[in-house]
1. Are any residues in the stretch B:1-23 more than 10 Å from chain A (Cβ to nearest Cβ) and of a type in the set (A, V, I, L, M), and if so, which ones?
2. Can you pull out the residues in the stretch B:233-269 that are at pLDDT below 80, in contact with a Ser or Thr (Cβ under 6 Å, 6 or more places away or on another chain) and surrounded by fewer than 17 Cβ atoms within 10 Å (Cβ to Cβ)?
3. Name the residue, out of A:Ala48, A:Ala42, that is within 9 Å of chain B (Cβ to nearest Cβ) and over 17 Å from B:Val30 (Cβ atoms).
4. With respect to B:Asp263, determine if the residue is of a type in the set (D, E, K, R) and either closer than 27 Å to B:Leu159 by Cβ or assigned to a helix (DSSP H, G or I) (or both).
5. Among (1) within 25 Å of B:Ala177 (Cβ to Cβ); (2) loosely packed, with under 13 Cβ neighbours inside 10 Å, there is one condition B:Asp114 misses while meeting the rest; what is its number?
6. Based on what the data block shows, is B:Ala229 over 21 Å from B:Ala110 (Cα atoms) and surrounded by 12 or more Cβ atoms within 10 Å (Cβ to Cβ)?
7. In the stretch B:29-70, which residue that is of a type in the set (A, V, I, L, M, F, W, C) and surrounded by fewer than 13 Cβ atoms within 10 Å (Cβ to Cβ) is farthest from the other protein chains (Cβ to nearest Cβ)?
8. Given the options B:Thr218, B:Thr230, name the one that is at pLDDT below 85 and of a type in the set (S, T, N, Q).
Amino acid sequence: MSTPSTVMPSDESLLTAVGAGDRAALRVLYERHAPWLTLRLARRCSDADAVDDALQDTFVAVWRSAGRYHGGGAVGAWLWGIAIRRLIDALRRRPRREFFSGERETLEPSAEEQVLLGVQHGDLGGALERLSPELRAVIQATILDGLTTREASTLLGIPAGTVKTRAMRARMLLRQELA
Amino acid sequence: MSTHVDPDLLCAYAAGEIDAAHAFSVEAHVVRCPTCQAAVAPLADPARLDRVLAAVEDELDAPRVGAIERVLRGLGVRADLARLLAATPSLSLSWLSSVALALSFSVLAAHHGDGGMLLFLCLAALLPMAGVAVSFARALDPTFEIAVAAPFSSVRLLLLRATAALATTIAMAGLAAVALPGIGWSAVAWAVPSLALTLASLALATYVAPLTAFAIVTAAWLATVLVNATASDDVLAIFGRPAQLVLVALGAGAALVLARRIDRLDVRGDL
């Protein structure tokens, strides 16, 4: 696979141009990052309209605050940090909806059962797979996306206290399995 | 990271047919890998991405909604009406702040005796009419051409704007009156004169050009106040009960004239 980044302007220089009011640079940045941002946002939220709103707000925010990027870390990570928070805002504006279809809870065995069923020592991947979707969603929001308890609670549509207890339970289960 | 994500795995990720552990590692890699970001690009729905990009550009091109327009929309005013109202010169921040400044100085003066109180009452009675006058002034209206061409009766728009200007100015004068020394009759004594003056000027505007009408009424009012203050022992007699009754009668008469001759109102303005 070719590496387009060697012949094309870097994300950092594009952001500098966007900060200076270059609309074309914003478009290049969008073509580069919008696809993976949409896919990743769509994994966090089943409401396609909310995802589109979040993506739109993200690039409007990039246009207005490109100057606030100070080169600490990858531009992709910076963009994701904006996008996930814009998604949370988009969800806040809408009525509560279910996240990661709650009905699976009754169909699937509980996390504890899953752990008991798959007793053999597994890698992290297997351990994550055996967590219930609810616990996995909390792990994804708090660890992978780096959200605060409050932000995770809005994204997942559950109380902040539940985020905390689920995160604790998930960590405990993972620790047990990986021990 | 030396190795890139396997293309099949990327496809499975994009389709949502992937287990959590793999999804986590795909995401952790893609967020900082330009090559894999480019590889993901064809997997997203291009029509949808184009639509969102168009929405982004629309939002960036749209004029920023001003503070007053946001307040009006928040109060449930229709968006098009809010824009026309917010463009009223006498609702602009510069006008409102000058009204506030004038009122604060006259309140300060009112703390230094009857002369100051007379200044406050005289000013508070005049300002609402001035607000209405400014909404007539085409040279001050950035949307004059648009307002004339709007599918909206010009007289109706003018009266709407005048009402909005009147309401805000009266509200501001009322707020200022709270800061007067010893709240009593004097705190509201300007209200009847201000309404009477506004109505009188609008009634007169059905005969002569609006700004001429405002100038005549202002001059007449100032002359009356001054003559009264020098001739009478009580400088505030003009705001006393008998004078208020005369002003009520004047206002009612003006309202009658205005109602009968409203179609003669010269909405084109001058200046």
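The values are calculated or read from the model by the stated rules, or taken from the named source; none is laboratory data. Everything numeric in this text was worked out from a predicted model, so none of it was measured. All Cβ positions, glycine included, derive from the backbone under ideal geometry; neighbour counts span all protein chains shown.
1. To start, the set of residues in the stretch B:1-23 that are more than 10 Å from chain A (Cβ to nearest Cβ) comprises B:1-3, B:5-6, B:8-9, B:11-12, B:17.
Answer for the stretch B:1-23, where residues must be more than 10 Å from chain A (Cβ to nearest Cβ) and of a type in the set (A, V, I, L, M): B:Met1, B:Val5, B:Leu9, B:Ala12.
2. B:Arg264
3. On the way: A:Ala42 fails: over 17 Å from B:Val30 (Cβ atoms).
From the options A:Ala48, A:Ala42, the qualifying one is A:Ala48.
4. Considered against the rule, which asks whether it is of a type in the set (D, E, K, R) and either closer than 27 Å to B:Leu159 by Cβ or assigned to a helix (DSSP H, G or I) (or both), B:Asp263 comes out as yes.
5. The single condition B:Asp114 does not satisfy is (2).
6. no
7. B:Ala67
8. Values: B:Thr218 fails: at pLDDT below 85.
Of B:Thr218, B:Thr230, the one residue that is at pLDDT below 85 and of a type in the set (S, T, N, Q) is B:Thr230.
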